[in-house]
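Chemist: This is the structure, below, for whatever I ask next.
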Amino acid sequence: MSRVGKNPVPVPSGVTVKIVHREVSVTGPKGTLVWCHPDTAKVVHDEAAKAITVERLGDHKQSRANHGLTRALIANMVKGVTDGFERKLKVFGTGYNCKLQGRTLHLNVGFMGRRRGIGSQFELQVPEGVEVVVEREAARGDTEPAELVVRGVDKQKVGQFAAEIRSLRKSEPYKGKGIRYDDETVKRKQGKALTSGG
């Protein structure tokens, strides 16, 4: 039996769980999430114990694979509507910056050819259910990185949008310029050493 799947998911106070056939709906202070679980698993909400348990139907390979996955996704739903998820990113590089205008995130990350009148190299529309907060914009000549936070109740959406932002300019190993997660470590490399000819 899956060591993850057999653990019940605790339901904190203030969170409402509804299960209709295969559709699981979780509502909390941060919002509502709905997900349809695989038919190889059975999800039971014990209101008295304030917990959700996942049972697998059968012992074939797909059922075993979905057991822990189903439990983990439901646990993420409960955490999302209770506390939410966030991913913090930092933009390193001279002249690199980020700015939020409405639901559009503007990024300058060292590429040539800014579009006339826009002043940014990339424009990303913030998806529904996701919030972006620019905590720090880099001033001209500033050596400190710009910082932004991606927040939301859906862990998949938050992680996906943060990954899309990071993919625009991953940190390079020589000067460390680029976009990286707050907890990401970039292995730095030493450039070619100049040698004098004999």
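Chemist: Return the ratio Rg/(2.2 N^0.38 Å) for region 64-166, where Rg is computed over Cα atoms only.
Modeler: Cα-based Rg divided by the globular estimate yields 1.28.
Chemist: Something else: Using a Förster radius of 35 Å, what is the FRET efficiency between D39 and S167 based on their Cβ-Cβ separation? Nearest 0.05, please.
Modeler: Efficiency, rounded to the nearest 0.05: 0.55.
Chemist: Taking the Cα-to-Cβ direction at A139 and at K99 and moving 7 Å from each Cα, how far apart do the two end points lie in nm?
Modeler: The modelled label-to-label distance comes out at 1.6 nm.
Chemist: Filter the cross-link list K30/K187; K99/K170; K170/K192; K50/K155 down to pairs whose alpha-carbon distance in this structure exceeds 28 Å.
Modeler: In this structure, K30/K187 lie more than 28 Å apart at Cα.
Chemist: Round to a whole number: what % of the accessible area of the chain belongs to carbon and sulfur, probe 1.4 Å?
Modeler: 49
Chemist: Based on the Cα atoms of the chain, what semi-axes does the equivalent ellipsoid have, where each is the square root of 5 times one gyration tensor eigenvalue, given in whole Å with the largest first?
Modeler: 43, 22, 14
Chemist: Could you pull out every one of the aspartates and glutamates with an alpha carbon less than 20 Å from that of K90, ignoring same-chain neighbours closer than 8 positions?
Modeler: Partners found: E123, E131, E135, E137, D142, E144, E147, E164, E172, D182, D183, E184.
Chemist: Mind checking the per residue accessible area of the chain for me, 1.4 Å probe, whole number of Å²?
Modeler: Roughly 62 Å² per residue, with all protein chains present.
Chemist: Still on this structure, I have one more. What percent do you get for the relative contact order of the chain when only Cα pairs under 8 Å and 6+ apart count?
Modeler: Normalised by residue count, the contact order of the chain is 18 percent.
Chemist: What distance in nm lies between label points placed 7 Å from Cα along the C-beta direction at V126 and V186?
Modeler: The two pseudo-label positions are separated by 2.5 nm.
Chemist: Still on this structure, please answer the following. Hey, could you get me the Stokes-Einstein D for region 130-198, Kirkwood radius over alpha-carbon pairs, 10 °C and 1.306 mPa s, rounded to whole µm² s⁻¹?
Modeler: 110
The values are calculated or read from the model by the stated rules, or taken from the named source; none is laboratory data. Note that the structure is a prediction, hence the values are computed from the model and not measured. Reconstructed Cβ throughout: ideal geometry from the backbone, glycine too, with neighbour counts over all protein chains shown. SASA here: full protein model, heavy atoms, side chains in, ligands and nucleic acids out. Shrake-Rupley method; radii C 1.70, N 1.55, O 1.52, S 1.80 Å.
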